[in-house]
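The values are calculated or read from the model by the stated rules, or taken from the named source; none is laboratory data. What you see is a predicted model, and the numbers here were worked out from it, not measured in a lab. Don't worry about glycine lacking a Cβ; one is built from the backbone with ideal geometry, like all the others, and counts go over all protein chains shown.
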Amino acid sequence: MFLSSGDLYHRYRPAACDLRLYLYRLGVESGESSPYEGVIRRLGQHHERAHLATFGNALDLSAGTPAERRQRTLNAIQDGVPVIYQPLFQGTARLSGVDCDLGGAPDFLIRENGGYVIRDVKLSRRINGRDHPEILWQLRLYGRLYELAAGPPPLRLEVFTGTGEIVVVEPLDAPTLDAELSGMAGVIGADAPPFEPVGWSKCGRCGYQVRCWKEAEDTHSVALIPKVDQGMVSALRDAGINSYDELLAQIRCCRPGGVEARVGRTASQDRQRDRHRHSALRPRSSHKHNDPDRAATDSRV
């Protein structure tokens with residue numbers, strides 16, 4: 001099995017979803033990118049080229065076959081080239097008892113103090129685990145690949161952000177990174193697609209939104225019920241409830257008198273409460289009081 005930095009992107013963008021990764025690796029065609037996404041892509045390419053221009057003497061390895069690029073990357077590292085643009089790495093790691101090939105291409109290798117700094121260029125402004133976990137995982141994979149290819153680990157993992165800031169990404173130990181990669185391998189190699197409930201914020205900009213949303217509508221998924229979050233959907237599934245028809249049947253079964261009777265009782269109780277409220281607010285008749293001033297006061301309440 002082959003795992004790449006692109007797989008990490010598809011697992012986490014626009015939101016974490018194993019089903020998106022599964023469908024992508026299965027070759028299922030996604031919807032067309034929106035014009036907005038096209039603009040963002042072009043802006044990202046311009047941002048990367050502008051950063052490349054600041055070095056001037058970078059060795060560009062973006063052309064050639066994968067095998068040629070990998071060999072030229074190793075040669076450039078051995079020669080101590082100051083700046084390497086678009087290097088390509090591939091290595092092998094044993095994940096969950098299976099040998100997997102890993103690949104990735106960071107934007108830059110920058111020579112410093114006898115070693116190399118790995119730097120990726122991103123248009124994103126917030127580089128953190130909540131907003132862009134895929135960026136952190138990609139940089140950590142690049143660090144692992146560099147170590148497999150060159151021996152020592154990189155000096156640092158960096159991101160050049162959309163604001164021109166350099167953000168340092170903390171590396172992870174091999175077991176922690178391997179656990180993430182093993183999870184991806186398990187998703188990709190599964191016999192059946194993973195369970196992933198739909199959601200507005202989760203699916204809004206995903207290329208598989210139309211496909212997944214139609215399936216949810218066809219199966220009457222409980223995920224379509226307003227204010228039912230992803231955790232609730234998973235809990236209901238664990239209880240054997242997958243559709244809103246099943247949920248309604250469960251409510252009717254478990255509530256005394258059924259849901260219709262309860263609704264009827266509630267409506268009757270509401271009417272009684274309204275009558276009581278109106279009675280309490282109605283001006284009281286003055287003949288019930290011996291004191292006319294008190295009666296006038298009550299009528300103004």
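Side notes on the structure shown:
- For the criterion of being among the β-branched types (V, I, T) and within 27 Å of S182 (Cβ to Cβ), T73 passes.
- Those residues of the range 117-166 which are among the hydroxyl-bearing types (S, T, Y) and part of a loop (DSSP other than H, G, I, E, B), in sequence order: S124, T161, T163
- Candidate set from the range 114-125 (those that are without any contact (Cβ under 8 Å) to a residue 60 or more places away in the chain and of a type in the set (D, E, K, R)); member that is surrounded by the fewest Cβ atoms within 10 Å (Cβ to Cβ): R125
- Subset tally (residues that are surrounded by fewer than 18 Cβ atoms within 10 Å (Cβ to Cβ) and free of Cβ contacts under 8 Å to residues at least 40 places away in the same chain) for the range 184-198: 2
- Pick from the range 91-113, criterion in a loop (DSSP other than H, G, I, E, B) and touching a residue at least 24 places away in the same chain (Cβ under 8 Å), ranking: farthest from E158 (Cα to Cα): S96
- Test result for E158, at pLDDT 95 or above, of a type in the set (D, E, K, R) and either out of contact with any Lys or Arg (no Cβ under 7 Å at 6 or more places or on another chain) or farther than 30 Å from D79 by Cα (or both): no
- Restricting the range 3-31 to residues that are assigned to a loop (DSSP other than H, G, I, E, B) and within 14 Å of the chain's Cα centre (by Cα) leaves a set whose member that is nearest to E196 (Cα to Cα) is C17.
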